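Okay, so here's the structure we're looking at.
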Amino acid sequence: MARLSRQAESQPDVSTRRTLFVAAFVAFWMLGISARLVYFAGSNHDNLVARAHKQQQEAIETSPTRGFVLDRQERELARSIDNHLQCS
């Protein structure tokens with residue numbers, strides 16, 4: 001009986017220590033990530049602003065070419081026409 005009561009008393013101590021360890025680890029991890037983000041944003045601010053501006057202002061011209069629409073016997077059902085060939 002005495003042995004069980006000693007184990008019951010020591011169990012909360014281990015659990016509390018483990019909880020404090022996990023909480024401290026998470027706190028230090030969050031502090032490290034936050035410090036890294038502040039450093040990265042502060043040291044590369046001008047470069048990041050220039051890249052963001054370039055990405056937002058640069059236009060990429062795309063000209064899609066579409067194929068024919070075929071049925072299951074591969075007969076043509078529809079095709080794309082060029083805009084400059086359409087009648088006015």
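A compact table of results
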quantity	calculated
Rough spin-label spacing in nm, given labels placed 7 Å along Cα→Cβ, for Ser43 and Val26	2.9 nm
Stretch gain in nm, segment Ala35-Gln57, where the contour uses 0.36 nm per residue and the Cα spacing is subtracted	4.8 nm
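Read-outs throughout are calculated quantities, based only on the coordinates presented, and are distinct from any laboratory measurement. For clarity, every value in this text was computed on a predicted model and none was experimentally measured. Ideal geometry is used to build each Cβ from the backbone, glycine not excepted, and the neighbour counts take in all protein chains shown.
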